[in-house]
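The values are calculated or read from the model by the stated rules, or taken from the named source; none is laboratory data. Only a predicted model underlies this, so the values are computations on that prediction, with no experimental measurement involved. In this analysis, Cβ positions are derived from the backbone assuming ideal geometry, glycine residues included, and neighbour counts consider all displayed protein chains.
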Amino acid sequence: KSGFIGIIGRPNVGKSTLMNHLVGQKIAITSPVAQTTRNRLRGILTTPEAQFIFVDTPGIHKPHHQLGKVLVKNAIGAISTVDILLLMVDGSVEAGGGDRFITEILLQTKTPVILGLNKIDLRSSLSRSRDVEVIDRSYQELADNLKWPIARFSATTGEGLPDLLTLLRDRL
Ligand code: GDP
Ligand code: MG
């Protein structure tokens, strides 16, 4: 099995960090500054069961200026050329307008989508377990209507990534 996985999501959710972790090379540029990734970058992960070709994209957000429009156009271009879309979100905070904006864009595609909740390592510092429930519910609402499976992981620690790969492999 082999296929292309498009990693999309608003800026700073950890798309490039995930790609670096999975592919094991610093090929995508990560930065706390939004929009460091201006072009699509590819990384290949070969396991005994499948070959995953990850396509990192610039963050999608509502464009406020011309460069922003180009970045969004590139990201939408990537959507139409992959086998699976991994919509990454920041699982340490509730779903926001940026995530809903991308969800609306994805209604235009027939490509299968997996919703990836990243940064779960930060959840242990949330004061109350109720906060985690509120966060989870906000993303559940996005995913349920569209029947997207949800994966929870940390691109930094690697927690949850084996399960993510299994989900991806089963859809190739
Ligand atoms: P991108 O814009 O979506 O490509 O985001 P980046 O990969 O550049 O990451 C943005 C910031 O989030 C960086 O400071 C990363 O170190 C941080 N980050 C990414 N993934 C994780 C994670 O799983 N846990 C934590 N704590 N930080 C993360
Ligand atoms: Mg990036």
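Points worth noting:
- Here 69, 62, 15 are screened, and the one residue that is at pLDDT 60 or above, touching a Gly at 6+ places or on another chain (Cβ under 9 Å) and over 26 Å from residue 171 (Cα atoms) is 62.
- Sole exception among (1) within 18 Å of residue 3 (Cβ to Cβ); (2) modelled with pLDDT under 90; (3) among the β-branched types (Val, Ile, Thr) for residue 114, by number: (2)
- Pairing residues of segment 8-25 that are more than 12 Å from residue 156 (Cα to Cα) and near ligand 1 (Cβ under 8 Å from one of its atoms) with residues that are part of a loop (DSSP other than H, G, I, E, B) and among the polar types (S, T, N, Q), at Cβ distances under 8 Å and at least 6 apart in sequence or on separate chains, gives 11/35.
The rows are residues; the columns are (1) farther than 20 Å from residue 22 by Cβ; (2) more than 16 Å from ligand 2 (Cβ to nearest atom).
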position	(1), (2)
89	no, no
102	yes, no
112	no, yes
123	yes, yes
151	no, yes
161	no, yes
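- Matching residues, segment 150-172, being of a type in the set (D, E, K, R), in a loop (DSSP other than H, G, I, E, B) and under 21 Å from residue 82 (Cα atoms): 171
- For segment 85-127, the set of residues classified as among the charged types (D, E, K, R) and in a loop (DSSP other than H, G, I, E, B) consists of 94, 110, 119, listed by residue number.
- If you go through segment 77-113 and keep only what is closer than 25 Å to residue 130 by Cβ and exposed (fewer than 14 other Cβ atoms within 10 Å of the Cβ), you end up with 96, 97, 100.
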